[in-house]
Amino acid sequence: MVHITEDMVRRRSEHNECEIFSLEELSLHQQDIERVEHIDRWCRDLKILYLQSNLIPRIENVGRLKKLEYLNLALNNIEVIENLEGCESLQKLDLTVNFVGRLSSVESLQLNVLLTELFLVGNPCSQFDGYRQYVVAALPQLKWLDGTEISRSERIRASHGLEEVRRRVREQEEEYLKRRATEREEALREKGGEERKPGFDGRWYTDINNTTPAASVENKENQEMEENLENPDLEEERREKEFWHTPCSFTPESRLEAHRHLEEKKKKKEKEKEKKPKAPRTLITADGRVMNANEPKLDFSLTEDEESNMIVLNLEVYRHMDTSLIDVDIQPTYARVKVKGKIFQMVLPAEVKPDSSTAQRSQTTGHLVLTMPRAEGEIKVTKTDPRPPRPPRQTRCSSSSSPGDNKRRHNVPERLEVDPSTHTTVDFANIVRCHGSKEGPLETSRMAPPTDTGQCSFSDGFVDDPDVPPLV
């Protein structure tokens, strides 16, 4: 049973900034409400009240709404028009498709002097002989009945022979009330647990004057039970067909029974979903590959602004959705947005700077715009040498000798001179130890060019890099 709560009323009063004491219009339709309560104390200034498509059996707790002008109670289980005398400002009453069978109860609306429009179409009383004439004569303030205007001539005709019409209406009311009492007893009897056994053809029946042998019927029932045990879906389908195709009277009890059946079916489906939890979506694979995802099924556009070196993602979020339901996470290679718990993930065409990225919503469209500046490329370090280029170092050949070797062989001392115009300090990188001398003097790297004859001691693939100092 659904009750009217303060939280429900506040959620339905967003247009009034969730204030209920000054609320003038309230819509509580399709909420499976079974009783009208609390509204006359919380919302004294109500002018329009929508309660259609619920399970309300009685009109109650609305007598304090002195400013109420329009009351919609269509598609409910109301059987009697009552408790509306206190609604002094009531102008329109809609009771379409209810179960009003006591037509004489419309006389309780005579105190609602401002009532101009009434809807009773779809109720059992609308099928009574003399229904319209009786209502027009009973409520002289009415101008419209069931969407049809009441003319002056019709009102005059309704006043003639009113006593005869009232007598016929009373007789039809009594017949209807007796029929309703029988329907209530049957509903209580079925609810009390009197079971009827279905036959093998799927229909409910009573075994009276049955000429079929009991053994054959029992065998067929056992066979059907075995088939149903093997395939439970067939049993469920058979029960659904049996419930909806079994003829029944259109009564408040049958409407409640249909509602309960749908509720049980809905709960059963929810339990099945809980037993089989949905597998989580793979956003990043085991090898680190990021996947694209669009669970909220939103339209989007991804553009690259070459001039400002940025990547712009425009996500078309719902316009009236609260921003607190959106969560944005930007990583160097992808962007992830959670919209009401559903994930939108997009792999970016280039690396971006998460710290410099921004997320904004449009005040007109509500779209979410992510602006992500691109990350700078890899920095390449270039080595610069302020010294002037030197001649390439020549390799030592085994069959030739340099002038320095000749000087060392003759014990001629060699001096290292530094030109202050070209160097401020001694260039120790060019001082190497001579591999061919055993005395250990130093020699400069400036050597005489090798002769063409003879073979070098280095391999054929050796590359001489002047920036790399030689090994000592």
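Readers should treat all values here as calculations from the given coordinates under stated rules, not as data from a laboratory. Note that the structure is a prediction, hence the values are computed from the model and not measured. Positions of Cβ are backbone-derived with ideal geometry, glycine not excepted, and every protein chain shown enters the neighbour counts.
Points to keep in mind about this one:
- Flag: GLN141 does not match the condition of being part of a helix (DSSP H, G or I) and in contact (Cβ under 8 Å) with a residue 24 or more places away in the chain.
- Only a single item in (1) within 23 Å of the chain's Cα centre (by Cα); (2) within 21 Å of THR364 (Cα to Cα); (3) touching a residue at least 60 places away in the same chain (Cβ under 8 Å) is not met by LEU313, and it is number (3).
- So LYS338, is it within 23 Å of THR285 (Cβ to Cβ), out of contact with any strand residue (DSSP E or B) (no Cβ under 6 Å at 6 or more places or on another chain) and surrounded by 13 or more Cβ atoms within 10 Å (Cβ to Cβ): no
- ALA258 being out of contact with any His (no Cβ under 9 Å at 6 or more places or on another chain) and part of a loop (DSSP other than H, G, I, E, B): no
- Among all positions in segment 33-41, there is at least one residue which is over 22 Å from PRO252 (Cα atoms) and free of Cβ contacts under 8 Å to residues at least 24 places away in the same chain.
- Screening LYS143 against (1) closer than 28 Å to ARG180 by Cβ; (2) in contact with a strand residue (DSSP E or B) (Cβ under 9 Å, 6 or more places away or on another chain) leaves a single unmet condition, (1).
- Pairing each residue of segment 116-129 that is within 23 Å of SER89 (Cα to Cα) with any residue that is among the aromatic types (Phe, Trp, Tyr) and assigned to a strand (DSSP E or B), provided the two are 6+ apart or on different chains, yields C-beta distances under 6 Å for GLU117/TRP144.
- Selected residue (criterion: farthest from LEU256 (Cα to Cα)) from residues of segment 4-23 that are buried (at least 16 other Cβ atoms within 10 Å of the Cβ) and in contact (Cβ under 8 Å) with a residue 24 or more places away in the chain: VAL9
- Applying the condition of being of a type outside the set (D, E, K, R) and touching a residue at least 60 places away in the same chain (Cβ under 8 Å) to segment 99-114 and asking which residue is surrounded by the most Cβ atoms within 10 Å (Cβ to Cβ) yields LEU103.
- Count of segment 232-286 residues which are among the acidic types (Asp, Glu) and within 24 Å of LYS338 (Cβ to Cβ): 2
- Residue in segment 61-81 that is over 40 Å from the mean Cα position of the chain (by Cα) and either surrounded by 19 or more Cβ atoms within 10 Å (Cβ to Cβ) or among the aromatic types (Phe, Trp, Tyr) (or both) present: yes
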